[in-house]
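The values are calculated or read from the model by the stated rules, or taken from the named source; none is laboratory data. As the structure is a computational prediction, the values presented were derived from the model and not from experiment. Quick reminder, even Gly has a Cβ in these numbers, built from the backbone with ideal geometry, and neighbours come from all protein chains shown. Protein only, heavy atoms only, side chains kept; ligands, DNA and RNA dropped before computing areas. Shrake-Rupley method; radii C 1.70, N 1.55, O 1.52, S 1.80 Å.
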Amino acid sequence: AQDLTGGQRNQAHLMFEIQRMEQPLLSVRGLTKHFGGLVAVEHVSFDVSPGATIGLMGPNGAGKSTLLNMIAGDYKPDSGSVLFKGRDITGLSPHKICHHGIGRTYQIPRPFPHMTVLENVMVASVFGRGFGKADAKNEARRLLHTTELAEKERALAGDVLELTLKRLELARALASNPSLLILDEVAAGLTEDELPKIFQLLEHIRSVGTTIILVEHIMKIMFEAVDRIIVMDKGIKIAEGTPDDVMKNEKVIEAYFG
Ligand code: ADP
Ligand code: MG
């Protein structure tokens with residue numbers, strides 16, 4: 001190796017960098033979860049490239065949340081594995097997985113109701129990034145600005161309306177500075193008028209390079225904000241591809257309309 005010229009060394013380094021960039025950020029292999037006799041998720045595998053936005057679709061009860069819960073550490077898989085940035089994170093606690101760089105929102109928002117909006121985001125950046133109080137406050141204010149919550153910082157989380165809660169849920173997930181953000185029905189429960197605001201926010205999160213996996217029933221979001229779609233039905237992955245391909249897929253049509 002010591003005989004390499006400078007040019008060859010540069011080239012070798014470049015090849016190494018390209019290989020690293022081509023590696024999936026997330027690799028899910030054969031993830032399986034049963035609840036008693038119920039098959040919630042059965043042998044699901046997929047890869048997510050860095051910077052991609054992936055949509056996860058499927059009828060109610062298809063296993064979408066269970067799959068996300070296994071990736072984020074809320075449920076331990078019965079079998080299968082989760083690789084993130086090339087590391088095996090299967091079955092780690094949510095706290096550890098958060099530290100590896102995966103942030104998430106819950107289908108049902110879970111703020112601390114007796115804390116203010118600002119304090120809720122501060123807590124998330126203290127736990128997610130190990131910030132002290134002053135840094136956590138600065139970071140929380142920055143995120144409240146991004147999520148257009150600055151005016152609500154003193155409101156108690158238990159008192160705020162749906163759109164604010166959804167934004168707070170996002171701000172809390174972003175507080176750990178995730179490279180992968182998992183969003184479970186973040187637009188559910190919002191009115192038609194409120195949707196564009198959440199869209200804009202997602203676009204912003206995407207534009208700074210954050211990789212996203214989102215569950216959504218709103219087709220407009222699936223068609224306009226997503227690079228690839230994975231479709232589940234009865235715990236199984238039944239299709240994966242571009243939005244156009246997936247919507248033409250017979251198994252998908254059968255799952256939704258059959
Ligand atoms: P989706 O998010 O696609 O609507 P879920 O992943 O929430 O689906 O649920 C998949 C199946 O697993 C459903 O039948 C649901 O009732 C079941 N399930 C989910 N979580 C649990 C749990 N903690 N205990 C028992 N059954 C569960
Ligand atoms: Mg769900």
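May I ask you to verify whether VAL44 is more than 10 Å from ligand 1 (Cβ to nearest atom) and closer than 25 Å to ASN177 by Cβ?
no
Could you count how many residues in the range 114-133 are charged (D, E, K, R) and buried (at least 18 other Cβ atoms within 10 Å of the Cβ)?
Looking only at that region, the number is 1.
Spot the failing condition for PRO178; the list is (1) in a helix (DSSP H, G or I); (2) open to solvent by less than 20 Å² (accessible area, probe 1.4 Å); (3) not aliphatic (A, V, I, L, M), and only one is missed.
(1)
Quick check on the range 219-239: of everything there that is within 10 Å of GLY55 (Cβ to Cβ) and not hydrophobic (A, V, I, L, M, F, W, C), which residue is least open to solvent (accessible area, probe 1.4 Å)?
Among them, the one singled out is ASP227.
Within the range 1-30, can you find the residues that are among the acidic types (Asp, Glu) and part of a loop (DSSP other than H, G, I, E, B)?
Within the range 1-30, the first condition is being among the acidic types (Asp, Glu), and the residues that meet it are 3, 17, 22.
ASP3 - this is the single residue of the range 1-30 that is among the acidic types (Asp, Glu) and part of a loop (DSSP other than H, G, I, E, B).
For TYR106, are the conditions met, namely being touching a Ser or Thr at 6+ places or on another chain (Cβ under 7 Å), under 19 Å from VAL215 (Cα atoms), within 16 Å of ligand 1 (Cβ to nearest atom) and open to solvent by 20 Å² or more (accessible area, probe 1.4 Å)?
Criteria not met by TYR106.
List the number of the failed condition for HIS217; all other conditions in (1) in a loop (DSSP other than H, G, I, E, B); (2) touching a Leu at 6+ places or on another chain (Cβ under 8 Å); (3) not charged (D, E, K, R) hold.
All conditions pass for HIS217, except number (2).
Yes or no: LYS33 over 18 Å from the mean Cα position of the chain (by Cα) and outside any helix (DSSP H, G or I)?
It is true that LYS33 is over 18 Å from the mean Cα position of the chain (by Cα) and outside any helix (DSSP H, G or I).
From the list SER93, SER81, SER45, SER27, exactly one residue is modelled with pLDDT of 95 or more, under 29 Å from GLY258 (Cβ atoms), out of contact with any His (no Cβ under 9 Å at 6 or more places or on another chain) and not hydrophobic (A, V, I, L, M, F, W, C). Which is it?
SER45
Search the range 121-148 for residues that are farther than 21 Å from LYS166 by Cα and pair each with any residue that is assigned to a helix (DSSP H, G or I) when their beta-carbon atoms are under 6 Å apart and the residues are at least 6 apart or on different chains.
PHE131/SER125
Confirm whether ILE205 is out of contact with any Asp or Glu (no Cβ under 8 Å at 6 or more places or on another chain), within 27 Å of HIS99 (Cα to Cα) and surrounded by 19 or more Cβ atoms within 10 Å (Cβ to Cβ).
Criteria met by ILE205.
Go through the range 56-92 and count every residue that is of a type in the set (S, T, N, Q), farther than 22 Å from VAL246 by Cβ and open to solvent by 50 Å² or more (accessible area, probe 1.4 Å).
So the answer is 1.
Which of (1) farther than 25 Å from PRO243 by Cβ; (2) crowded, with 17+ Cβ neighbours inside 10 Å; (3) more than 16 Å from ligand 2 (Cβ to nearest atom); (4) aromatic (Phe, Trp, Tyr) is the odd one out, the single condition PHE46 does not satisfy?
Just one mismatch for PHE46, condition (1).
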